[in-house]
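The next block holds one structure in the form of structure tokens; read it before the comments.
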Amino acid sequence: MEIEQYRDVIEKAIQSEIDARRFYEQVSDRIKDDYLKKVFAEFAAEEAKHEQILTDILNQKKVDPAYFDCDKDFHVSETIDMPKVSENMDLKNAIGLAMKNEEIAMKKYMGLAENCTDAGLKTIFLDLAAMERGHKHTMEEKFVDVAYPEVW
């Protein structure tokens with residue numbers, strides 16, 4: 001794999017994190033409920049952290065490889081439809097939205113890995129998919145707590 005291919009993949013991943021952060025900021029600005037404003041602001045802050053991790057990778061700073069080593073997946077996200085953004089959405093749908101967005105990102109990287117013939121690029125895509133799977137897993141835990149309180 002050539003360095004330019006590597007840089008291009010990571011730069012696109014960074015842009016995806018920036019887009020996600022902006023999306024959550026816009027939802028936070030639009031939503032009426034003060035608590036949910038805070039929740040979406042926290043989602044935006046989390047995407048900014050992901051952006052920084054990928055920027056560090058691009059700049060070849062030391063990154064904990066465990067960050068890309070997530071095989072936990074409850075598959076809760078796959079059981080719901082994408083919630084619609086509205087000014088009056090509830091916490092369950094807010095977390096569901098974030099969870100579905102992480103699922104989409106994970107599947108995007110998995111698809112890129114499956115269709116990639118370059119071993120180096122394939123590894124990068126699989127690592128990025130694992131990162132998104134980890135984010136999805138975190139959101140699934142939160143979703144289960146909110147959507148199914150009888151479980152705990």
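The values are calculated or read from the model by the stated rules, or taken from the named source; none is laboratory data. Being a predicted model, the structure only gives us computed values, none of them experimental. Note: ideal-geometry Cβ built from the backbone for every residue, glycine included; neighbour counts use all protein chains shown. We work out accessible area using only protein heavy atoms, side chains counted, and drop any ligands, DNA or RNA first. Shrake-Rupley method; radii C 1.70, N 1.55, O 1.52, S 1.80 Å.
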- If you go through 81, 33, the only one that is farther than 17 Å from residue 8 by Cα, open to solvent by 50 Å² or more (accessible area, probe 1.4 Å), touching a residue at least 24 places away in the same chain (Cβ under 8 Å) and out of contact with any helix residue (DSSP H, G or I) (no Cβ under 6 Å at 6 or more places or on another chain) is 33
- In region 122-147, what residues are open to solvent by 30 Å² or more (accessible area, probe 1.4 Å) and among the basic types (Lys, Arg)? 122, 133, 142
- In region 79-98, what residues are outside any loop (DSSP other than H, G, I, E, B) and of a type in the set (D, E, K, R)? 92
- Could you please give the count of residues in region 111-152 that are assigned to a helix (DSSP H, G or I) and over 20 Å from the mean Cα position of the chain (by Cα)? 5
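Taking the criterion of being assigned to a helix (DSSP H, G or I), modelled with pLDDT under 85 and either under 19 Å from residue 109 (Cα atoms) or in contact with a strand residue (DSSP E or B) (Cβ under 8 Å, 6 or more places away or on another chain) (or both), would at least one residue in region 51-58 satisfy it? Working first, answer last.
Kept after step one, since they are assigned to a helix (DSSP H, G or I), are these residues of region 51-58: 51-58.
Right, trim to modelled with pLDDT under 85 and you get 57.
Checking the rest, the ones that are also either under 19 Å from residue 109 (Cα atoms) or in contact with a strand residue (DSSP E or B) (Cβ under 8 Å, 6 or more places away or on another chain) (or both) come to 57.
Yes, region 51-58 contains at least one residue that is assigned to a helix (DSSP H, G or I), modelled with pLDDT under 85 and either under 19 Å from residue 109 (Cα atoms) or in contact with a strand residue (DSSP E or B) (Cβ under 8 Å, 6 or more places away or on another chain) (or both).
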- Count, please, the residues in region 1-22 that happen to be in contact with a Phe, Trp or Tyr (Cβ under 9 Å, 6 or more places away or on another chain) and either open to solvent by 40 Å² or more (accessible area, probe 1.4 Å) or not in a helix (DSSP H, G or I) (or both). 1
- Tell me, yes or no, whether region 108-119 has at least one residue that is closer than 30 Å to residue 90 by Cα and surrounded by 15 or more Cβ atoms within 10 Å (Cβ to Cβ). yes
